[in-house]
Structures are given as structure tokens and as C-alpha cells.
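Student: The following block contains the structure, expressed as C-alpha cells.
The values are calculated or read from the model by the stated rules, or taken from the named source; none is laboratory data. Quick caveat: nothing in here was measured; it's all calculated off a predicted structure. Ideal geometry is used to build each Cβ from the backbone, glycine not excepted, and the neighbour counts take in all protein chains shown.
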Amino acid sequence: MSADAQALVIALFLIFCRIGSCLMVLPGYSSARIPQHIRLFVAIAVALAVSPRLLPQVLPLVQGASDDLRIAMTAGEILNGLLIGLLGRVFMIALQFSGSIVANAIGMGQSLGVPLEGHEADPALVSLVTLTATVMIFSLNLHAEIVNALVASYKAVPVELGFSIRSGLDALVDNLGQTFMLCLRIASPFVVYAVVVNFAIGLANKMTPQIPIYFISMPFVLAGGLFLLWFCVGNFLSIFADAYHRWVLFG
């Protein structure tokens, strides 16, 4: 293999490292329900599709680099891709946590559903919410916007700079603060509902200790929680979609 062909292969591999490692942890693409070879083929296809735009930037760096520098660039690209994917994964983690709060608040925390993102069973309400959010990501074409964001990341984080731990931690902390506020906004009506309902049940139980108010009230608490979920689920998902869309576009 000639030196130019070898540099071209290494440049394509560098592009695949950032894109593949990002898709490995990004919501939707990284689901455990998708076979591993399908995820691998998707990552290779995306890397080859965007390579004509990125090769003029990456190829000159590879041609004049030593083997040690090429290994360092490969490690940096993997870490950069993992960081970008982790920033998107934090949104889904926040949504799962919000769904767990909602499920426990309305009395559905013990009914387990099919795991979608991981291998551990979550409450059925969490599985429903995460599946709906994943469908929204693809139906709103955000999965294609993520590819454009990955291409734009080569200007914000060039290959020659490698992986910056300080800037990566700053971005992760900022994203955690944003998703914490997102989780609080989504789950706040159900937290208020749980406090009010449990206070009312506890007060009624104190007034009539002979009657098992807690067990009698469970169907009514669940019915009220499901009605509140029906009333708020549109805003629930639109808030998440807007926050995820802003992150994809403005990162």
C-alpha cells in the first residue's frame, strides 16, 4: 500500500472513531434492542457519507504525522466522540429519572416494563416515555441534525487539538445543570401531586384509624395520577424535545 493510500485509510478511520464512538452512546442509536452489527454498519455508513466534507481537513494532518501522533489523534477522536454522545445521553438519563419520579408519584413504580435503553427493567411508564421520546427524536429529524452537528464539531474541536479534559468537564457540568432543570420542570406537577395526595391520605388516616385508608385510596391515587399524566404528557414531551433540539443545534 502506498503512503497516500495508507494516509487516506487512517484519515477515514479517524472520522469513524469520532462518529462511531458518539453513536455508540447517543440516544436512539445505542439502544440495546438494536443488534450490534446494525449499529456498526450505521456508524460506518455515516462516517463514509460525511468523509468528503471532512477529508480536506483531516487528511493533511495524517500525511505529515508520525505513528505516535496518529495513535494520539485516534485516542483523542474516540474521547471527543464519547463526550459528544454522553452529552446527548444525559438528556435521556434525565428523562428516565423524571419518568421514575412520575411513576412513583402516581403509584406505578412497582409495575415493571420491557427495558429499552439498557438491560435492567424500568417501570412501565418509564419504558413508555423513553420509547415515545426516541420516536420523537427520529420523527423530528433530530438524528440527521446530530450528524450535521458532528460535522460542525470538527470546527469547534479540531482533530489536531486532541481531547481537552477541562473543556470536556465544563461542557458536561453545564449539560448536567441544564438537564437537572429539565428534569425538575417535567416532574414538578407530579411531585406536587404526590405531596398533596399523601398529606391528605395521612390526615384522613389519622382521623379514621379503624379504616385502612391507604389501601382503599390506592385506586383513586392511581386514577388521579393517570388523569394528570394525560393532561401533562404533551407538555412533558414537548419540553424534552425542545431542550434536546436546542442542544443539537447550539450544543
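Student: Within the stretch 92-101, does at least one residue satisfy the condition of being touching a residue at least 60 places away in the same chain (Cβ under 8 Å), crowded, with 21+ Cβ neighbours inside 10 Å, over 16 Å from residue 134 (Cα atoms) and among the hydroxyl-bearing types (Ser, Thr, Tyr)?
Tutor: We begin by selecting, within the stretch 92-101, every residue touching a residue at least 60 places away in the same chain (Cβ under 8 Å); these are 92-95, 97-98, 101.
Those left that are additionally crowded, with 21+ Cβ neighbours inside 10 Å: 92, 94-95, 98.
Of the ones still in play, those that are also over 16 Å from residue 134 (Cα atoms) are none.
Looking through the stretch 92-101, none of the residues is touching a residue at least 60 places away in the same chain (Cβ under 8 Å), crowded, with 21+ Cβ neighbours inside 10 Å, over 16 Å from residue 134 (Cα atoms) and among the hydroxyl-bearing types (Ser, Thr, Tyr).
Student: Which pairs turn up if I take residues in the stretch 147-162 that are of a type in the set (Asp, Glu) and look for partners that are in a helix (DSSP H, G or I) with beta carbon separation below 6 Å, at least 6 apart in sequence or on another chain?
Tutor: Pairs that qualify, where the first residue is of a type in the set (Asp, Glu) and the partner is in a helix (DSSP H, G or I), are 160/61.
Student: Then there is this: Among the numbered criteria (1) under 19 Å from residue 75 (Cα atoms); (2) small (Gly, Ala, Ser); (3) surrounded by 13 or more Cβ atoms within 10 Å (Cβ to Cβ), which single criterion is violated by residue 200?
Tutor: With respect to (1) under 19 Å from residue 75 (Cα atoms); (2) small (Gly, Ala, Ser); (3) surrounded by 13 or more Cβ atoms within 10 Å (Cβ to Cβ), residue 200 is out only on (1).
Student: Also, I was wondering about something else. Show the residue pairs that are 6+ apart or on different chains and have beta-carbon atoms under 6 Å apart, the first residue being within the stretch 219-234 and under 11 Å from residue 193 (Cβ atoms), the second being part of a helix (DSSP H, G or I).
Tutor: Close Cβ pairs (under 6 Å, with a partner that is part of a helix (DSSP H, G or I)) amount to 221/197; 228/193; 232/189.
Student: Can you name every residue in the stretch 1-38 that is under 15 Å from residue 50 (Cα atoms), in contact (Cβ under 8 Å) with a residue 60 or more places away in the chain and surrounded by fewer than 18 Cβ atoms within 10 Å (Cβ to Cβ)?
Tutor: Listed by number, the list holds a single entry, 13.
Student: Residue 30 is checked against (1) in a helix (DSSP H, G or I); (2) within 30 Å of residue 96 (Cα to Cα); (3) not aromatic (Phe, Trp, Tyr) and fails just one. What number does that condition carry?
Tutor: The failed condition is (1).
Student: Evaluate the following for residue 75: is it among the aliphatic types (A, V, I, L, M), within 25 Å of residue 153 (Cα to Cα) and loosely packed, with under 15 Cβ neighbours inside 10 Å? Break it down into steps so the answer makes sense when it comes.
Tutor: Values: among the aliphatic types (A, V, I, L, M): yes; within 25 Å of residue 153 (Cα to Cα): yes; loosely packed, with under 15 Cβ neighbours inside 10 Å: yes.
For residue 75, the condition - among the aliphatic types (A, V, I, L, M), within 25 Å of residue 153 (Cα to Cα) and loosely packed, with under 15 Cβ neighbours inside 10 Å - is met.
Student: I'd like to know if the stretch 196-214 contains one or more residues that are assigned to a helix (DSSP H, G or I), under 27 Å from residue 89 (Cβ atoms), at pLDDT below 80 and of a type outside the set (D, E, K, R). If you could, list the steps in order and put the result at the bottom.
Tutor: Just the residues of the stretch 196-214 that are assigned to a helix (DSSP H, G or I), to begin with: 196-207, 213-214.
Retained after the next criterion (residues that are under 27 Å from residue 89 (Cβ atoms)): none.
No: the stretch 196-214 contains no residue that is assigned to a helix (DSSP H, G or I), under 27 Å from residue 89 (Cβ atoms), at pLDDT below 80 and of a type outside the set (D, E, K, R).
Student: Within the group 50, 42, which residue is within 16 Å of residue 153 (Cβ to Cβ) and either in contact (Cβ under 8 Å) with a residue 12 or more places away in the chain or aromatic (Phe, Trp, Tyr) (or both)? Walk me through it before giving the result.
Tutor: Numbers: 42 fails: within 16 Å of residue 153 (Cβ to Cβ).
Answer to the check: 50.
Student: Any residue that is over 19 Å from residue 91 (Cβ atoms) and either modelled with pLDDT of 85 or more or touching a strand residue (DSSP E or B) at 6+ places or on another chain (Cβ under 7 Å) (or both) - is there at least one of those in the stretch 179-189?
Tutor: Of all residues in the stretch 179-189, those over 19 Å from residue 91 (Cβ atoms) come to 189.
Right, trim to either modelled with pLDDT of 85 or more or touching a strand residue (DSSP E or B) at 6+ places or on another chain (Cβ under 7 Å) (or both) and you get 189.
Within the stretch 179-189, one or more residues are over 19 Å from residue 91 (Cβ atoms) and either modelled with pLDDT of 85 or more or touching a strand residue (DSSP E or B) at 6+ places or on another chain (Cβ under 7 Å) (or both).
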